[in-house]
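Participant: Below is the structure I would like to discuss, written out as structure tokens.
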Amino acid sequence: MSAANVVTLPAQPVTQNARPVNQLRVTRSEWIKFSSLRSNWITLLVTAASIIGLGALISFVIERNWSSMTAADIATFDAVGLSLVGVNLAQLIVAVLGVLIVTGEYSNGMIRASLAAVPKRFAFLAGKMTISAAVSFVVALAATFVAFLAGQQLLGSHGVSLDAPHAIRAIIGSAFFLMAVSVISSAFGFITRSTAAGIAAVVALLLVIPVIGQLLPYDWATDILNYLPGSAG
């Protein structure tokens, strides 16, 4: 074919159906990023297993050793709280997950693409927080409910039902507590932009500061400890 036979066609305009960025789409994208990581699902599974497993184990041990318990231990026995003791361990796992939801993008450089796609920083922050709160609450609520039922069955005649005072409140409250820990942890992730620093800050807030606060004068300790997440839990 000669050069004279070559026909140059005019460039056709490229049309793109770009959709505007809104909060719903940002939250959906955050869910896709969260759900595509296998480690997140493993962490949620470990969280549920710790709540159910530890509560069931302690309930079983208490039932087997009920006859050897002292009168003081029996007087202060709390069947509801005993079955939900696994929440104390689960808060640390949820805290790690909350930090990783944010800092994972900083560590692998994906945060640049995320912030370029979502110019409004508040929308990006709200999307992360929504996923962190929703996932942790749903998993925690299901796990605490199962832990309560399993624990009361293992306690036998010493167990209680859902009609017991504060039983429903304890189950739902534990789920809200773990949700709050997850959101606070994600906030520390945004502040520190480092996985190690974020986890260290959350652990200090949940475990270290309450211990130090108990060494302070009573008036100071009361003013400080009442505002810590552990007190709400």
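The values are calculated or read from the model by the stated rules, or taken from the named source; none is laboratory data. Given the structure is predicted, the values throughout are model-derived calculations rather than measurements. When we count neighbours, we look across all protein chains shown, and the Cβ atoms used for this are built from the backbone with ideal geometry, even at glycine. The accessibility values were calculated without ligands, DNA or RNA, using every heavy atom of the protein model including side chains. Shrake-Rupley method; radii C 1.70, N 1.55, O 1.52, S 1.80 Å.
Participant: Assign one of three labels to the range 92-227, namely rounded, prolate or oblate, based on the Cα gyration tensor with a ≥ b ≥ c the square roots of its eigenvalues; rounded applies when a/c is under 1.5, prolate when it is not and a/b is larger than b/c, and oblate otherwise.
Facilitator: Because a/c hits 1.5 or more and a/b fails to exceed b/c, the range 92-227 counts as oblate.
Participant: Right, something else. Using only Cα atoms, locate the centre of the range 70-126 and the centre of the range 138-210, then give the distance between them in Å, rounded to an integer.
Facilitator: Cα centroid to Cα centroid, the span is 9 Å.
Participant: Using a 1.4 angstrom probe and counting only protein chains, how large is the accessible area of LYS33 in Å², to 10?
Facilitator: Using a 1.4 Å probe on the heavy atoms, I get roughly 40 Å².
Participant: Also, quick follow-up: Given contacts defined as C-alpha pairs under 8 Å and at least six residues apart, what's the relative contact order of the chain, whole-number percent?
Facilitator: Relative contact order here is 26 percent.
Participant: Which entry is the computed Cα Rg over 2.2 N^0.38 Å for this structure: (i) 1.00; (ii) 1.17; (iii) 1.42?
Facilitator: Here the calculated entry is (iii).
Participant: Going by alpha carbons, how many degrees (0 to 90, nearest 10) lie between the helix axis of 167-192 and the longest principal axis of the chain?
Facilitator: For helix 167-192, the angle is close to 50 degrees.
Participant: Treating the angle as unsigned and between 0 and 90°, give the value, to the nearest 10°, between the Cα long axis of helix 87-108 and the longest Cα principal axis of the chain.
Facilitator: With both axes taken from Cα atoms, the answer is about 20 degrees.
Participant: About the Cα centre, and with charges only on the beta carbon of Lys, Arg (+1) and Asp, Glu (-1), how big is the dipole of the range 88-233? Nearest 20 debye, please.
Facilitator: In debye, rounded to 20, the range 88-233 gives about 560.
Participant: Between the helical axis of 121-155 and the dominant principal axis of the chain, each derived from Cα atoms, what acute angle in degrees is found, rounded to the nearest 10?
Facilitator: Helix 121-155 sits at roughly 30 degrees to that axis.
Participant: On the accessible surface of the chain, probed at 1.4 Å, how many percent belong to carbon and sulfur atoms?
Facilitator: Here it works out to 67 percent.
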